[in-house]
1. Can you confirm whether region C:143-151 contains a residue that is buried (at least 17 other Cβ atoms within 10 Å of the Cβ), at the interface with another protein chain (Cβ under 8 Å from one of its Cβ atoms) and either touching a residue at least 60 places away in the same chain (Cβ under 8 Å) or among the aromatic types (Phe, Trp, Tyr) (or both)?
2. Under the condition of being at pLDDT 95 or above and among the basic types (Lys, Arg), which residue from region A:283-327 is nearest to residue A:104 (Cα to Cα)?
3. Which condition number in (1) modelled with pLDDT of 95 or more; (2) of a type in the set (Gly, Ala, Ser); (3) over 18 Å from the mean Cα position of the chain (by Cα) is the one that residue C:87 fails?
4. Please work out which one of (1) outside any loop (DSSP other than H, G, I, E, B); (2) within 14 Å of chain A (Cβ to nearest Cβ) is the condition residue D:202 fails and give its number.
5. When residues of region A:114-142 are filtered for being closer than 30 Å to residue A:299 by Cβ, surrounded by fewer than 24 Cβ atoms within 10 Å (Cβ to Cβ) and among the acidic types (Asp, Glu), how many remain?
6. Those residues that are modelled with pLDDT of 95 or more, of a type in the set (S, T, N, Q) and assigned to a loop (DSSP other than H, G, I, E, B), I need them from region D:127-172; list them, please.
7. May I ask you to say which residue of A:295, A:267, A:287, A:280 is over 30 Å from residue A:150 (Cα atoms), in contact (Cβ under 8 Å) with a residue 12 or more places away in the chain and surrounded by fewer than 21 Cβ atoms within 10 Å (Cβ to Cβ)?
8. Taking the conditions exactly as written (closer than 20 Å to residue C:198 by Cα and hydroxyl-bearing (Ser, Thr, Tyr)), does residue C:120 satisfy them or not?
4 protein chains.
Amino acid sequence: MDHELSMYNIRTDLALEAQEIATQGQETSAIPGVWSESESADGISVTRMEIKTDQAAQQIGKMVGHYVTLEVPDLRQGDSTLQDKVATSFAKEFEAFLKRIGITENSSVLIVGLGNLNVTPDALGPVVVDNIMVTRHFFELMPDQVSPGYRPVSAIAPGVLGTTGIESSDIVQGIVEKSKPDLIIAVDALAAKSLERVNTTIQIADTGIHPGSGIGNKRKGLTKDILGVPVIGIGVPTVVYASTIVNNTMDLVFEHMKKHTENTDPLFGVFGKMEETERLQLVKEVLNPLGHDLLVTPKEIDKFMEDIANVIASGLNAALHEAVDTDNVAAYTH
Amino acid sequence: MDHELSMYNIRTDLALEAQEIATQGQETSAIPGVWSESESADGISVTRMEIKTDQAAQQIGKMVGHYVTLEVPDLRQGDSTLQDKVATSFAKEFEAFLKRIGITENSSVLIVGLGNLNVTPDALGPVVVDNIMVTRHFFELMPDQVSPGYRPVSAIAPGVLGTTGIESSDIVQGIVEKSKPDLIIAVDALAAKSLERVNTTIQIADTGIHPGSGIGNKRKGLTKDILGVPVIGIGVPTVVYASTIVNNTMDLVFEHMKKHTENTDPLFGVFGKMEETERLQLVKEVLNPLGHDLLVTPKEIDKFMEDIANVIASGLNAALHEAVDTDNVAAYTH
Amino acid sequence: MDHELSMYNIRTDLALEAQEIATQGQETSAIPGVWSESESADGISVTRMEIKTDQAAQQIGKMVGHYVTLEVPDLRQGDSTLQDKVATSFAKEFEAFLKRIGITENSSVLIVGLGNLNVTPDALGPVVVDNIMVTRHFFELMPDQVSPGYRPVSAIAPGVLGTTGIESSDIVQGIVEKSKPDLIIAVDALAAKSLERVNTTIQIADTGIHPGSGIGNKRKGLTKDILGVPVIGIGVPTVVYASTIVNNTMDLVFEHMKKHTENTDPLFGVFGKMEETERLQLVKEVLNPLGHDLLVTPKEIDKFMEDIANVIASGLNAALHEAVDTDNVAAYTH
Amino acid sequence: MDHELSMYNIRTDLALEAQEIATQGQETSAIPGVWSESESADGISVTRMEIKTDQAAQQIGKMVGHYVTLEVPDLRQGDSTLQDKVATSFAKEFEAFLKRIGITENSSVLIVGLGNLNVTPDALGPVVVDNIMVTRHFFELMPDQVSPGYRPVSAIAPGVLGTTGIESSDIVQGIVEKSKPDLIIAVDALAAKSLERVNTTIQIADTGIHPGSGIGNKRKGLTKDILGVPVIGIGVPTVVYASTIVNNTMDLVFEHMKKHTENTDPLFGVFGKMEETERLQLVKEVLNPLGHDLLVTPKEIDKFMEDIANVIASGLNAALHEAVDTDNVAAYTH
């Protein structure tokens, strides 16, 4: 997660969660101006969503645009057969996504891997970039020799503000002006709303990458407004705040107790009756001054990152180049 | 944390915490058969402890033996001046520890780095081993040419059961029989009792490395009984269970509220009056079946591990070789 | 290449080359007591050889035993289809090799990865070990639950003398005594006789790993004599001496000129008429005192090592476990 | 060595060598329009040179400009005391160099690390960038809180054409236009003219980075012309062509024989009397069609690269920030 760009918006990095919060778990149809559909197979749930109106956008707290979310609870098991299925599924969804938003087969693409290679849970972008099949230079240097079924793809990992001294957004803008891609795909790690989302969920969105709107935050995002070309963001939650773990767990404890006791009031008192956001606020108030509200990640993060970066890179390679087979995409990465 | 050896004993990997639990925060003197002293300077707290009697051992839940704990809350700040101070402090404590338990200057030492190099928060042992000044082969191959001020030091990272197929304890035993060291120093990552302990605390103990006593657990440890020579364990907490974070945070929330309200009963009900262990039990009962009681580690673990492994390796180099200066130990590692 | 074990024997790490030198390029049949056969397909040459008598062994300068050599000149091109073919070919040869020397399907195997993980061209052994499918612990801990088609496999990278202070041979001996495998497979990097062999040739031999017979060299090898069980060595040339490059190139230059000129005497004088070994001797005499006879490796060694380690690891996984398919072995490594 | 930028110019990546070739080893003064001075201490030779006239530039084959070369034959010995001395010496030379070419204390600097992080001998630029003390963002975000003694420094590793699909020069140009530095420092690995130069020589030059003038090569360099601000190049030879090794060695062999024999004509014939360039041409003609004229690097390149990258990074940190002490610069890198 490029701290500069995405970390602030922790409330709702995932549109799916934002919608769930907005509808408080009721049926989606409850929100006018939102279309969505879901399907599930082979342990992979896919939700496609469109936020069509400003009103809906405001209600949900996410921008007008297209969103696809893949949820694969078992993705952390290290099962390479499942990983291949997810890569294929991701490739198909991504291809359909490109068509839906009007990107043609010959459009040139710049893939931007946000984040810090030396911080494992933040290395998603750079590791995906390392495994992308780059072709733009062939189109530039020997255009008549490129086989059919490929498009011009370039890829860059611009680093993070703390190690380059320059906003990622500025670096990308400079590169876009020189290399003139038709589309940008930005890959980034996100903060999760719960521990079980970490490295099991992938979101695709055509709304770009937005730094949060924190007070005095002048950070620039990666958006069509700034860069002049459409920006698709691919995000995976890889870390979670300690306070989020606490809050989620308390929910689970309350639910658990409700199964056994009719009246849980004496059990948890006022605390048990707080709104979730109110309780999270309390937890944060206690942890923050002590410096304990750390972002944490599972112990096995090295392997998890390698696996999901491979899924995304091989999925992108298959989706972007017709000549690369969506049925066996993993062979093109290492 | 070599899963095989230390993960099970999560209740009390640190003697210091075990004692605190046993005395429920009262004065140490409360437990007969336990000697301890503490000092603090430059942001480093050192506690030296001896559990002298079986009775005391039983009461605390840790073995009879010597323990030294360094606590450095700011060690994660990345301040290299502080890191050098901690390395020097660790070297001095370790030297004194060796004398206290009767290890002489010429004793040969085998350093065992437990854990898995490919799992960042578990890589403490292997990374320390990578930075150890190894000298045994000079004593073997050209004994008359070794400068004074050095002792024979060898070092091995035996891997973990899951990647070698052999118990670490068996591998070390085989190597000990061939190389015949006088002393073993085993370095291992531990599970912490709280998030703020992660990569800020170092424990030295002469009681060896003990796998937990879980049901049906036939794992062998690294102990004098098994290996025939004294074993000093060096442990650093690098991960924490999600349930532990929840439990600690609830404590903090309760304390926080007590400052503001005289009677917190209505606030938290039965839940607030539970014993800490009872509450932890409840949290674990809820999280475990869902597979949510993961071991987690801070997002910045890569840098934290590099820093503390350097502290320990440079401290050991200085403590083991008189010719290496305790005042500038860090220069000997990379 | 574990410096301790293999570096000294630079004259003839490969039996194939030793034989070529002995026969001076004539037909193999010239040496009594040597059986050999070759075949070639898909860019892969396989030579199977047996040195049957002590006399033949002396003549060739290699021990009595079985040898298989795979030569794949294009292996450095990074073609993953070819790599998969080589892995499959290696697996088949290795399986046949096991049968030929009488190793049964249930024999337990310890794989020893010699070399130094932190020295890229010397990291073959440790990287192969990292990708081995280890199963011994399942047989030990839950023998009745292991699926058919697997055998007990363990794996260890013992490090090198310079970083452990202990001879690799002693470490392996200790582990063998504790874990009691029926067979040892030792993987090691070698010095090549020519630059084009680097990372394109794989040798399998049942003669163990022998340190050279350099003056005063008391190094112990990995052999049946020392370890009590058969030892199969797998070697890949990954480095070459500067002097070897010079010598080979001069050969090529002489050959090149002979094509154009009838009498090359005036062109190269005495130098051109020297025996190859004599000329190599001269080159070494000149380079050695200057410290210029370095071992060198191709610039792209990082990728080459990754590729060939994957070939060997996936080949071994398929050859050792019947349940792993020889036709698609690469899927089992990362 | 960013293949795109520097690989082609193999004849004379180092001005020092170019001058030696031009003067055929005679006194420097022989070339009008060239000023140079040398000094040597602590095993470090420093040569400062200025090519003042176009005529001199043409004669030497290097551009008009300032050059400083540090030669440290023992730099590969792994002696950290020597490395610290070299870092300090490099820092002092670099500071003086900046003054000589008129760069003031407050000028903002962009450091560009050319090359490929995943190819060890080509990773110099990216590894140096990883260890640079970056400050530009502090000047941008909180200009009034920056301590005196620092200047705005940013740093980027733009990758190589083969992995990004975009010319490094285009990427840097885009970033320069957005971040507007006053000076660019480009760090790159070079091809050496002899094996002993590899990782023992550092060149500083104010002439920018120039891709060779190979046939049909349309590559853009990093120069003031293209980027609009001065460009200082820092280069270290890290690889050498096999043909270069052969050629150098033949020189050494000829010299060696001349010491023993008055008339070497019968020894080496025509070959021995060839001009060096003519002989190199012959060797290349023989090796090239076989694909044997590989770029090679010493076996220990991993350690060599780590060491020299630290020397350069710590030297730059000290030279660029007055507040960083030139007497102990190494402490600021890891």
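The values are calculated or read from the model by the stated rules, or taken from the named source; none is laboratory data. What you see is a predicted model, and the numbers here were worked out from it, not measured in a lab. Positions of Cβ are generated from backbone atoms using ideal geometry, with glycine treated the same way; all protein chains shown enter the neighbour counts.
1. Looking for residues that are buried (at least 17 other Cβ atoms within 10 Å of the Cβ), at the interface with another protein chain (Cβ under 8 Å from one of its Cβ atoms) and either touching a residue at least 60 places away in the same chain (Cβ under 8 Å) or among the aromatic types (Phe, Trp, Tyr) (or both), one finds none in region C:143-151, hence no.
2. The qualifying residue nearest to residue A:104 (Cα to Cα) is A:303.
3. (3)
4. Residue D:202 satisfies every listed condition except (2).
5. Result for region A:114-142: 1.
6. Answer for region D:127-172, where residues must be modelled with pLDDT of 95 or more, of a type in the set (S, T, N, Q) and assigned to a loop (DSSP other than H, G, I, E, B): D:131, D:135.
7. A:280
8. Spelling it out, residue C:120 is indeed closer than 20 Å to residue C:198 by Cα and hydroxyl-bearing (Ser, Thr, Tyr).
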